[in-house]
Structures are given as C-alpha cells and as structure tokens.
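Novice: Right, I'll just put the structure down here and ask away after.
The values are calculated or read from the model by the stated rules, or taken from the named source; none is laboratory data. All values derive from a computational prediction rather than experimental measurement. We place every Cβ from the backbone using ideal geometry, glycine too, and count neighbours over all the protein chains shown. With ligands, DNA and RNA removed, areas are computed over all heavy atoms of the protein, side chains included. Shrake-Rupley method; radii C 1.70, N 1.55, O 1.52, S 1.80 Å.
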Amino acid sequence: MEINNYFTFKASFSQTPVCVKNSMIDWDDSIEILKGNYKNLNSPLILAQISGKKWTDILNPTNAFFIVSKKFTQLLQINNIKGWKSFDIKIFDKQGSEIEDYCGFSVIGKCGDIDYSKSKVIEKRLVPNGTLDKYFIGMDLDFSKWDGSDIFIPENTIYVIVSKKVQEIIIKNKLTNFLLQDLAEIEMLDYKLED
C-alpha cells in the first residue's frame, strides 16, 4: 500500500473553534470510546462548552475521542465510508443552551502496528538551546492486518488514519477544523530509541 494515499486525522487545535468537555471521563475511558467500546459511556454523553467561539465540523477535543458535526457523518454515510460509528451526545453552550447537530465519533477500523524500521530518523531542536530529540519521518503501517476500512487506528496507538477518499470528502465539502497530514511526511517524536 502507498502510504501517501493515507493521512492522519485530527482537529487543528486553534483557539477559535469551540472546545467541549465532560469532566467525568478519564483518559483511559476516552480511549475506549475513541475505539468504539462504550461499556463506561452514559448515553447520551453530556458535554459543556469550555472555550472557543466558532462551532466547527470537528470540535477541539479534551479527550481522545472526537465530537463532529452530523454534516460530516452524513457525508461519510452517503459515500459509503467504513471504519467508524457515532454515539449520542448533548452539548450545552456557556449560556446553558443545547447545541444541535453534533455527535460523538469513534473509529472501529483497524490495521497492524506502525513499522518504525521503514521511517527515516532525524534529530532536531524545537527551540534554540533545547533538547536534541529524535523524530521518525514517515509512518509505515502493517497493512497485513488491515480490515479494509477507510478510517482506522493502527494497533497499539491512538493515531486515526483516513484514506484519500475521506481526505477528498473533507476538502471538497470545505469541512472545518480538520488537520490531515500525509503519512509519508508526518514527523513522530521517538520515544523508543535510546542513546
């Protein structure tokens, strides 16, 4: 498989988009929700606006899972995109008014782990006189365990990967607050290599 036909998928994390939160969900439960395991999820999940002012198609997250517009999930359904499911939520803005047309978004598509041996390794400092850190360039995936989904998570990670078809849907429909990065170009901080 050509990795430049796949992209990481996340919110762009600017200050303008709304950020919502449910303070009762811990990090481990949020990862389970991201992966479509809802055993500790009360439905509908109640969320409150904590910052931002623009209601975008993907809201800035405080947890591992996503809150997306129903416009986005409808586009995925229309285009027969596989590897995701949604869950019911209620969002209240800072004035206590309920905001419609959003849902929780989980990724149920899977593939094998990241193959770091195929990535280029570089060293760089993010700030002058900062620590010299190692980074992997390019994310090769084990597609032998891929289930064929358009949206999926590699084993042992919480990276969300989307196909070129999903990337084209997002761009064509001018969906807001999405950050998509080509797997061939992504830089990942290396936590595994030791000096």
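To keep it simple, each residue is scored yes or no on (1) open to solvent by 60 Å² or more (accessible area, probe 1.4 Å); (2) over 18 Å from the mean Cα position of the chain (by Cα); (3) aromatic (Phe, Trp, Tyr); (4) within 26 Å of residue 169 (Cα to Cα).
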position	(1), (2), (3), (4)
9	no, no, yes, yes
19	no, no, no, yes
32	yes, no, no, no
41	no, yes, no, no
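Novice: Of the conditions (1) open to solvent by 50 Å² or more (accessible area, probe 1.4 Å); (2) touching a residue at least 40 places away in the same chain (Cβ under 8 Å); (3) among the hydrophobic types (A, V, I, L, M, F, W, C), residue 137 clears all except one; give me its number.
Specialist: Result: residue 137 passes all but (1).
Novice: Return the residue satisfying two criteria in turn: it lies in segment 106-128 and is of a type in the set (Val, Ile, Thr) and closer than 16 Å to residue 189 by Cα, and of such residues it is least open to solvent (accessible area, probe 1.4 Å).
Specialist: 114
Novice: Next up: Answer yes or no as to whether residue 156 is loosely packed, with under 14 Cβ neighbours inside 10 Å, closer than 30 Å to residue 44 by Cα and of a type outside the set (Lys, Arg).
Specialist: Against the criterion (loosely packed, with under 14 Cβ neighbours inside 10 Å, closer than 30 Å to residue 44 by Cα and of a type outside the set (Lys, Arg)), residue 156 qualifies.
Novice: Still on this structure: Looking for whichever is among the aliphatic types (A, V, I, L, M), within 22 Å of residue 27 (Cα to Cα) and surrounded by 11 or more Cβ atoms within 10 Å (Cβ to Cβ) here; the options are 50, 81. Which one fits?
Specialist: Answer to the selection: 50.
Novice: Any idea which of 100, 123 is charged (D, E, K, R) and at pLDDT 90 or above?
Specialist: Within the list 100, 123, the selection yields 100.
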